[in-house]
Amino acid sequence: MRAANLELCDLCGANEREFIFSTPRLNGPLVRCRDCSLYFVPSNGDASGVPTAASQMEWLSERALELDLVDPSVEERERPWRELAARERVEELLSFVASGRLLEVGCSTGEFLFASGNHFKATGIEADEGSSGVARSRGLHCLPGSLPEAHLEAEGFDVVALYHTIEHLPSPKRAVSEAQRLLRPGGWLVIETPDIGSPWFTILGARWRQFIPDHRYFFTQKTIRRLCIDAGFEVRSVRQVGKAMSTRLFASRVGRYSKRLGSALSILGARLGVEEKTLRLNLGDVMRLYAQKSGQESGGRG
Ligand SMILES: [Zn+2]
């Protein structure tokens, strides 16, 4: 597939890609780089009228609502489970690094920042103005805007974490290079993102739950490793992870596959009074990576 302004592959810089499919759930066609196999949605002119990262996010999340992919009332009530999932992420992180200065890119309303506060001096960055305002109102240190806009000092952090953020960014490569600059040698990078190498993508195709309009990049374990290694990291662990959620959110997510089944489960959950039960699901389509900045890398590059 060729377009007039062909965007080069963010991972390897090649310009040959194959068309996979088009779906209204994504903000353009899904393609795969012929050289490195990175899956992505090339940027197009659709969002050209919206200049800032914040307004673009708003525009994309409105599209997710139009497509009925998220239910705001369900998301709102999910906060206790987001807090539980955040505590579990912190617990796992502590097995790699015990303390220090931590930066979370894409910290949303700050559940992970809050949970990490007992062990780390935590800073967040959040482009969505509403969410970053909520994080600040909870007394958390959250910067507005995007990572390049933050102009943070080189080697000022022991941990840089991106939980379900990298797939939204205009350039994952730039973000990981910036994380490399911000980390001290030996510092830890954590990335959690959907795994398109999972059998669910093969089975469900365009109906896979991770296809939503604000997801632009889809990694396999191989391509996420390469992203980190190319930027000067040593990958210590990549594995598929699950997360805690309410029965209510589970029913809502099932609705992405089948509206009828999703609403049947919602009604059943309410009747049985189990909406507030905690499920721990590992569907095998989300992966979490831990990588360490190589010792010889001094950072601070131009
Ligand atoms: Zn490529």
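Derivation of every value follows stated rules applied to the coordinates shown; laboratory data play no part. Bear in mind that the values here come from a model prediction, so they are computed numbers and not experimental data. Cβ: placed from backbone, ideal geometry, glycine included. Neighbour counts: every protein chain shown.
The distance from the alpha carbon centre of segment 224-302 to that of segment 162-183 is 17 Å, rounded to a whole number.
When peptides 93-104, 157-168 are sorted by average Cβ neighbour count within 10 Å, with the highest value leading, the order is 157-168, 93-104.
Applying 1/(1 + (r/R0)^6) with R0 = 51 Å to the Cβ-Cβ distance of residue 73 and residue 222 gives a FRET efficiency near 0.85. Each principal axis of the Cα atoms in the chain has its own extent, and those three values, largest first, are 58, 51, 36 angstrom. Here are some pairs, 121/243; 121/277; 173/277; 121/222; 173/243; which of them have Cα atoms lying more than 30 Å apart in this structure? Long pairs (Cα-Cα over 30 Å): 121/277; 173/277; 121/222.
Once the Kirkwood radius over Cα pairs is known for segment 163-212, the Stokes-Einstein relation at 20 °C and 1.002 mPa s delivers a diffusion coefficient of 167 µm²/s. For segment 170-302, a/c is not less than 1.5, where a ≥ b ≥ c are the root eigenvalues of the C-alpha gyration tensor, and a/b tops b/c. That puts it in the prolate class.
Close amide H pairs (under 5 Å, H built 1.01 Å from N) link residue 281 with 243, 245, residues at least 5 positions away or on another chain. If the chain linking residue 22 and residue 237 were pulled fully straight, counting 0.36 nm for each residue of separation and taking away their Cα-Cα distance, it would gain 74.1 nm.
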